[in-house]
Amino acid sequence: MARLYDSRKRILVTGGAGFIGSHLVDRLLEQGHDVLCADNLFTGSKRNIDQFHNHPRFEFMRHDVTFPLYVEVDEIYNLACPASPVHYQHDPVQTTKTSVHGAINVLGLAKRLGIRVFQASTSEVYGDPTVHPQTEAYWGNVNPIGPRSCYDEGKRCAETLFFDYHRQHQLDIKVARIFNTYGPRMHPADGRVVSNFIMQALRDEPITIFGDGSQTRSFCYVDDLVEGFLRLMATGPEITGPVNLGNPNEFTINELARTIVEMTGSKSEVVYLDLPQDDPRQRQPDISLAKQTLDWQPTIELEKGLGWTIDYFRALLPELVGNGSGNST
Ligand code: NAD
Ligand code: UDP
């Protein structure tokens, strides 16, 4: 039975020790909820949740979502999954299992408890898009057998499972398609472009641009994104998504590199390396649906968000000395 005594809920966040998950935990605790964070710490870290250590409404559980979870909660946010190409390609079979078995396990739990469940899906379901900007109606252009497929197809299958549980079992689902998000608590060595460029710039190391840098991405600051999650979760059961959540301001990777070098005052030079296989050429969310149904749009400009993110990594630097990988879990 779901515990719906009052507006204070007990909320499960899978992947809650990760970058986005830990910011979501922040907001849920602020709102007065009890939070159970289930995470296997593959890419997340205790550092991200240290501040909740003695919090009376926070509980951490080391758990791999590919195994069933038996807990009593009122709502679930399913975020568990490595998100950076370097990490999700490290053990691709486990990545697909995390998305697919993880979805089956949280959906089974939500079905047993009769509760609402949120899925952190991704713009990667659009693959290397032939439609620009991407709307939710676009079915995508995904290579099913390439190095990114473990993530892209895993997330696509998870969406399928969410919608089948909705149709077949009337489960109350919320599916968000998240576009590139950045901010403090990104893993310094996770290989994503924002963390890579900032770490390289702060260390005056070469900025590694893959390809010619003309490919585009649209970067959303994490606080804006989490606000979108909360608004989506607060909608009635008729709103299932998928809903794009991201910042529509689009930049080339060259522009991002220039901005970060300027903002850090770095002496770094730029080096051009091979573009990874199936790297999407362009990506920009059409967020009309989110504006209309959630009254949501990002409010934080790239330079402002980058400033806070640079401050975070700068403060982290002394701890990373002698630990070149930046591996700080
Ligand atoms: P992250 O790697 O920082 O966080 C993922 C968390 O999931 C980590 O704490 C990790 O330890 C945990 N995890 C991984 N496999 C697990 C497993 N089998 N069992 C339990 N926990 C597991 O990544 P993030 O950027 O915070 O992404 C969070 C979610 O948002 C992911 O589902 C990701 O696919 C999605 N997303 C992120 C972005 C982005 O730009 N950051 C874009 C699109 C979608
Ligand atoms: N990228 C880059 N240099 C890096 C890391 C990434 O040029 O050191 C590029 C990458 O090839 C891609 C873009 O930046 O075109 C975004 O990469 P990221 O891994 O952050 O996210 P995704 O490709 O999943 O959007």
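Every read-out reported here was derived from the displayed coordinates using simple, explicitly stated rules and does not represent laboratory data. These numbers come from a predicted model, not from an experiment. Virtual Cβ from ideal backbone geometry, glycine too; neighbours counted across all protein chains shown.
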Query raised in the report: By how many degrees, between 0 and 90 and to the nearest 10, does the Cα long axis of helix 222-233 differ from the longest principal axis of the chain?
Result: 20
Query raised in the report: Spin-label point model (7 Å from Cα, Cβ direction): what's the HIS90 to ARG8 distance in nm?
Result: 3.8
Query raised in the report: For the chain, which longest stretch is free of loop sites, where a loop site is one of the GluC sites (Glu not before Pro) that DSSP puts outside H, G, I, E and B and that has at most 12 other Cβ atoms within 10 Å?
Result: 1-237
Requested in this report: Please tell me the relative contact order of the chain in percent, rounded to the nearest whole number, where contacts are Cα pairs under 8 Å and at least six residues apart.
Outcome: 18
**Report entry** Distance in nm between pseudo-label sites at ASN141 and ALA234 (7 Å out along the Cβ direction from Cα)
**Finding:** 3.8
Report task. Add +1 for every Lys or Arg and -1 for every Asp or Glu among the other residues with Cβ under 10 Å from the Cβ of VAL86, and state the total. Result -> 0
Report task. Assign unit charges at the C-beta atoms only (+1 for Lys and Arg, -1 for Asp and Glu), then state the dipole size of the chain relative to its Cα centre in Debye, rounded to the nearest 20. Result -> 720
Query raised in the report: Considering only DSSP beta bridges whose two residues both sit in the chain, what percent are antiparallel, to the nearest 5?
Result: 10
Query raised in the report: Using a basic spin-label model with each label point 7 Å from the Cα along Cα→Cβ, how many nm lie between ASP164 and PHE67?
Result: 2.5
Query - the chain shape via C-alpha gyration tensor axes, a/c threshold 1.5 - result: prolate
Query - Spin-label zone in region 198-222 - amide nitrogen under 14 Å from a point set 7 Å from the Cα of TYR312 along the C-beta vector - result: 198-199, 220-222
Query - Computed helical MRE - 222 nm, the chain, DSSP H runs ≥ 4 contributing -39500 (n - 2.57), nearest 500 - result: -11500 deg cm²/dmol
